[in-house]
Amino acid sequence: MFYAVVTQFNKIKIILNNIYEFHWKNAVVINGNKNIDILQADFEKNSIILLLKNDINIKDECFILYNNTTVKAIYGQLFNTFEFNRRYYTDEALGCFYSQNSTLFKVWSPAASSINLLLYKSGDPSIDERPASFPMSEKNGVWSLKIDNNLNGFFYTYEVTVYGKKNEAVDPYAKALGINGHRAAIIDFNSANPNNFEKDISPKLENLTDAIIYETSIRDISMHKDSGVQNKGKFLGLAEENTKSSKGLSTCLSHILELGVTHVQLMPIYDFSYVSTDERNPVKYNWGYDPQNYNCPEGSYSTNPYNPITRILELKTLVQTMHKHGLCINMDVVYNHVFNLENENLEKIFPGYYFRFYENGTPSNGSGCSNDTASERLMMRKFIVDSVYYWAKEYHIDGFRFDLMGIHDITTMNVVREKLNSLNRPIMLYGEGWNLNTMLPEELKANMKNSIKMPHIGHFNDIFRNSIRGNVFIKEDKGFVSGKEGLEEIIKNCIVGCTDYFNKGNSLFQTPDQSINYVSAHDNNTLWDKLEFSNPDADKEELKAMHKLSNAIVLTSQGIAFLHSGAEFCRTKYGVEDSVKSGDAVNCMDWDRKSDFLDVMEYYKGLIKLRREHSAFRMNNVDMIRKHLEFLSNTPKNVIAFILKNYANNDTWKDILVIYNGNKKKVKVSIPEGYWNIVADKYKAGVEILRTFNGNYFEVDDICINVLYR
């Protein structure tokens, strides 16, 4: 048994268990219908490098024949070489470019032997139609065709002949789609803009640490029977204003505005797999972490998925509405994998290029979805960068949350950051910086361990999450808020954004804007469910206290604050940990629960107001944090106290004292003497003075935060 890998156009590496049993002169290299002579062989460790007389033609597959065994030579390593990029990389704009007089089509596939444009009148494959076919011409891997007619309203695909197979594929750069994303649409984008969309302006963000992110789903937030929304589960549903429940409480957009956050992070809104969600009848629930077409909105969230313009117009209407109300909108993007590798458009157009494969030809699976995209390859990097930039420019998106960001390489994420900076407005960029087992060297992975190489790119801080609420993978594990001991130093590190505040030189992050502070998100158990699992003997009031303290720490720590939608009224998913397929009954925002936990809602609202109005909680560099944040010593066990001193970050309050008590009993804390105004305690939070205190020893209620200022 052996594997074969093409390392250069004229070199093949043979990997074997015993190189001395392999007689290379008996090997035959076949490229298409031609044999390529072997000039010589070099031995290294467990492999043999064959030098070929002529270059391999990548339009044909390459095989090694040896002793009645035929092995395919994998092109993956070749695609990473300078020589391949010199021949085939292009920075040309790809996709469909419409005007009233003509439309230009451009697609990249150096491997294809021919590509035809297929032109349809309908975007619905269930309608029997024979498309018009037009051959495209190639130059250095770029296939193009210009048609001098007005094609507005037509649909198209590419018929790609590659390695002896004919594949019909949707343009990866498609920006408009027919039903279920099976055909790209040709439209005049001027007709897909709401009135005055060109004048739409994103709310101003001075520093990334000013953001308070609220994660929600287009479907989840409005599907509840008492959401008061007409267009339930749609883009327009979240854009509806002044919605209320039957109890007269604000819901959906009005609720978000009442809460006071700055950014709404939407779970996937691009076109996701028709297998998981049929746009014709979207009763089958799915979150959308299974991409199909990356550059167009999901049709099931539109009121008419058959009309290519509707989904675009309605998403832009939502963006415009949020901006009008001072809200920024962040987009959850999933460039790390696709739903199904074999049926993926990128793989159909250029097999083996856009994804990572091991030397034996099996796909890398760090994503857990049976495929990992190869962001380190220049044309995949270009695709990601072009896509993100397109969403930011065309839809005025204000930030991007990268799903499984650790799959990607550092350079790609930095290029994305640089490209977004060119728009000259503050656009957020952050993601899941987990260390994933993908086929990429450790030093190149865009994970938290390498955060120093990715300035001003944020990472979800799982140290923060696990230390406060308990490990998400161990249901019974407690955290600081439920009395687990010995976490004080870890929590202190989290309070300073896991930066090098303590001058130890081994910090997780370089700047506080790299720390996305959170205790719950759409993944894993909700905060309420986790606290119930880990504290089975706690009553409702005790659980509420833990819940409030958890996100109180989020909202008073340095870094970027992140809240899971519904946490403000103790959202439950009834113990379901991974609710991706659990349906609306489990996943929807239960607006009845808002009235049941209105005191918690008001508490979160007050803490958000406190953070927004007081810049001391939002310092943007470690030097400032060192200068203005001081931890109090000699605090009781499971208690942390610190002062934000001397008008930190130009705050209007001179000194702000914050105390966290994780104990199930009251404690007394020694504090600097003086007249202190209390603005947050166990029951209320905000910026209004609840009462005043003068003295050295301050008593703190069980399981709560206290915030005082002077």
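Summary of values
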quantity	calculated
Given Lys247/Lys324; Lys139/Lys166; Lys284/Lys684; Lys34/Lys121; Lys478/Lys682, the pairs whose alpha carbons are separated by over 31 Å	Lys284/Lys684; Lys34/Lys121
Under the Karplus curve 6.51 cos²θ - 1.76 cosθ + 1.60, θ = phi - 60°, whole-Hz ³J(HN,Hα) for segment 442-457, x wherever Gly or Pro sits	4, 6, 9, 6, 7, 10, 4, 4, 10, 4, 4, 8, 10, x, 6, 10
Phe533 paired with Asp599, simple spin-label distance in nm, labels 7 Å along Cα-to-beta-carbon	2.7 nm
Full-extension gain in nm, Asp701 to Asp124, via 0.36 nm per residue minus C-alpha separation	201.4 nm
Label point distance in nm, Asn33-Asn340, each placed 7 Å from Cα along Cα→Cβ	3.3 nm
Stretchable slack from Thr692 to Glu541, in nm (0.36 nm times residue separation minus alpha-carbon distance)	51.8 nm
Within the chain: Cβ-based charge dipole about Cα centre, in debye rounded to nearest 20 (Lys, Arg +1; Asp, Glu -1)	700 debye
Peptides 287-299, 649-661, 435-447 ordered by average Cβ neighbours within 10 Å, highest first	287-299, 649-661, 435-447
Peptide ranges 245-256, 304-315, 555-566 listed from the most packed, as the mean C-beta count within 10 angstrom indicates	555-566, 304-315, 245-256
Proximal charge balance of Asp200 [Cβ under 10 Å; K/R count +1, D/E count -1]	+2
All aspartates and glutamates inside 13 Å of Lys72 as judged from Cα atoms, apart from same-chain residues fewer than 8 positions distant	Asp60, Glu61, Glu359
Where segment 52-187 is the region considered: accessible area per residue in Å², 1.4 Å probe	46 Å²
Those trypsin sites (Lys or Arg not before Pro) in segment 199-237 that DSSP places in a loop and that have at most 13 other beta carbons within 10 Å	Lys204, Lys225
Share of carbon and sulfur in the accessible heavy-atom surface of segment 70-188 [1.4 Å probe, %]	47 percent
Rounded FRET efficiency, nearest 0.05, which uses the C-beta distance separating Asn506 from Glu443 and R0 of 22 Å	0.85
Solvent-accessible area, 1.4 Å probe, carbon plus sulfur percent, for segment 413-530	52 percent
Förster-model FRET efficiency, 22 Å R0, Glu673 and Lys627, C-beta, rounded to 0.05	0.45
Low-density loop cleavage sites - GluC sites (Glu not before Pro) in segment 473-545, where at most 13 other Cβ are within 10 Å (DSSP)	Glu476, Glu485
Difference of contour (0.36 nm per residue) and Cα-Cα distance, Glu83 to Ser113	8.8 nm
Cβ-based net charge around Cys369, under 12 Å, with every Lys or Arg adding one and every Asp or Glu removing one	-4
Amide H contacts under 5 Å for Tyr163, placed H, 5+ residues apart	Ser113
Part-to-part distance (alpha-carbon centres) for segment 548-568 and segment 1-40, which is given in Å	58 Å
Answer label for mean projected area of the Cα convex hull in nm² (calculated), chosen among (i) 30.1; (ii) 33.4; (iii) 48.1	(ii)
Estimated FRET transfer efficiency when R0 is 25 angstrom, pair Phe97-Asn57 (beta carbons, to 0.05)	0.25
Highest to lowest packing among 494-505, 373-384, scored as the average C-beta count within 10 Å	373-384, 494-505
Magnitude of the charge dipole, segment 1-122, Cβ model with Lys/Arg +1 and Asp/Glu -1, debye to 20	200 debye
Ranking by accessible area, most exposed first, for Phe357, Phe473 with a 1.4 Å probe	Phe473, Phe357
From phi via Karplus (6.51, -1.76, 1.60), per-residue ³J(HN,Hα) for segment 161-166 in Hz, x at Gly/Pro	9, 8, 6, x, 10, 9
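The values are calculated or read from the model by the stated rules, or taken from the named source; none is laboratory data. Small disclaimer: the values here were computed from a predicted structure and weren't measured. Ideal geometry is used to build each Cβ from the backbone, glycine not excepted, and the neighbour counts take in all protein chains shown. Note: accessible area is taken over every heavy atom of the protein model, side chains too, but ligands, DNA and RNA are not part of it. Shrake-Rupley method; radii C 1.70, N 1.55, O 1.52, S 1.80 Å.
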